[in-house]
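Okay, structure first, notes after.
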Amino acid sequence: MYFTVFGFNGVQQGQWLLRDLKVAQLVHLSPKSTFTAQMLGAVIGAIFNYIMMRTIVTNQFEILTSIEGSNIWSGQNVQQYNTLAIAWSIAGDMFSIGARYQWVTIAYLVGFIVPVPFWILYRYTKIEFFNYINLSIILWYMGWLFVGVNSSVTTYFIAGFFAQFYLRKYRPAFFVKWNYLISAAFDGGTQVLVFILSFAVFGGSGKAHNFPIWGGNNGGVDASKNVDYCMYNPANA
C-alpha cells in the first residue's frame, strides 16, 4: 500500500505536471511561470484535499465504507488499497493462468498485441485513419465504463470529437486561439463547482440538500436513483 501511495501516485502526479507544461508550451506561456503556478497549486491543493477528506470521511463514513456506495459518494478509490494489499499477497492463487482472475495477467500480452494490426494496416495501405487509431488511449478510457456512472464519459467523447475533429479541421484559427484556453476554463470551473457542490449540496459538511431533478440529474441526491437511468437498483438486488 505504501508503494502504491508513494510510487504510483507520485509518478501519476508527475505525468499531470508534464501534461500541464506541454499545454503551456503550446500556448506560449513561460515555463518558469507555469512551474511556479503548478507548485502553488500543489501546495494549496494538498492542504484543501486534507481538510476535505477529513470532513467528508467524518460525515459520510457509513456510505464510504459500504459496498455499493451511492450515486454521490463512494469509497472505492480509497478501499482499493486494502483490496490490492490482500489480492497481491495471494497473487499466485488469483492471477495465475487457470485461476479466477487469469485475464488480469493475460491482458498484459493482449495489450501488447492489439495495436499491431493497425500498425500493419497503416504500413501497407498508408491510410491515415489507421495511423490515428491509438488503442492505448481508447482502451484506457473504455476502462472508465466499469466504474458505474458512464454519462460523464459520453460528454468527454462528444467534446473531444467536436474540438479535435471539427474545430481542428474546419476552424483551425478558432482552434488554435481558443481550444486550450476554453479547456483550462472548463477544468478550473469544474473543480470549483465540485468543491462547492460537495459541501453545500451533497452532504460533505454533514447535511445534504435535495438538488433539483432534471434531465441530467435523475433523482437529485436520492441514492436509490441511477443517474444513467439504468434499470438496475442495488436496493432490489
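Scanning segment 146-201 for residues that are polar (S, T, N, Q) and either at pLDDT 80 or above or assigned to a helix (DSSP H, G or I) (or both) yields SER151, SER152, THR154, THR155, GLN164, ASN179, SER183, THR190, GLN191, SER198. For LEU181, the criteria (1) over 21 Å from ILE72 (Cβ atoms); (2) touching a residue at least 12 places away in the same chain (Cβ under 8 Å); (3) surrounded by 13 or more Cβ atoms within 10 Å (Cβ to Cβ) hold in every case but one, which is (3).
Would it be correct to say that SER205 is under 30 Å from ALA37 (Cα atoms), at pLDDT 80 or above and surrounded by 13 or more Cβ atoms within 10 Å (Cβ to Cβ)? No; evaluated as a whole, the condition is false for this residue. Here TRP73 fulfils each of the conditions (1) in a helix (DSSP H, G or I); (2) surrounded by 12 or more Cβ atoms within 10 Å (Cβ to Cβ) apart from (1).
Scanning segment 13-64 for residues that are within 14 Å of SER198 (Cβ to Cβ), surrounded by fewer than 13 Cβ atoms within 10 Å (Cβ to Cβ) and out of contact with any Phe, Trp or Tyr (no Cβ under 9 Å at 6 or more places or on another chain) gives ASN49, ILE51, MET53, ARG54, THR58. Any chance segment 30-38 includes a residue that's modelled with pLDDT under 85, assigned to a helix (DSSP H, G or I) and under 21 Å from the mean Cα position of the chain (by Cα)? Looking for residues that are modelled with pLDDT under 85, assigned to a helix (DSSP H, G or I) and under 21 Å from the mean Cα position of the chain (by Cα), one finds none in segment 30-38, hence no. Annotation note: Cβ proximity below 8 Å between a residue of segment 133-148 that is at negative phi and surrounded by fewer than 12 Cβ atoms within 10 Å (Cβ to Cβ) and a residue that is modelled with pLDDT of 80 or more and of a type in the set (Gly, Ala, Ser) (sequence gap 6+ or interchain) occurs for SER136/GLY111.
Can you confirm whether ILE97 is modelled with pLDDT of 85 or more, part of a loop (DSSP other than H, G, I, E, B), over 30 Å from ALA208 (Cβ atoms) and of a type in the set (A, V, I, L, M, F, W, C)? So ILE97 fits the description; yes. Exactly one residue among VAL116, VAL104 is of a type outside the set (Lys, Arg), modelled with pLDDT of 85 or more and surrounded by 10 or more Cβ atoms within 10 Å (Cβ to Cβ), and that residue is VAL116. Remark: pairs (first residue in segment 9-29, without any contact (Cβ under 8 Å) to a residue 40 or more places away in the chain and among the small types (Gly, Ala, Ser); second residue surrounded by 11 or more Cβ atoms within 10 Å (Cβ to Cβ) and in a helix (DSSP H, G or I); Cβ separation under 6 Å; 6+ apart in sequence or on different chains) = ALA24/THR34.
The values are calculated or read from the model by the stated rules, or taken from the named source; none is laboratory data. Please read these numbers as outputs of a predicted model, since none were measured by experiment. Positions of Cβ are generated from backbone atoms using ideal geometry, with glycine treated the same way; all protein chains shown enter the neighbour counts.
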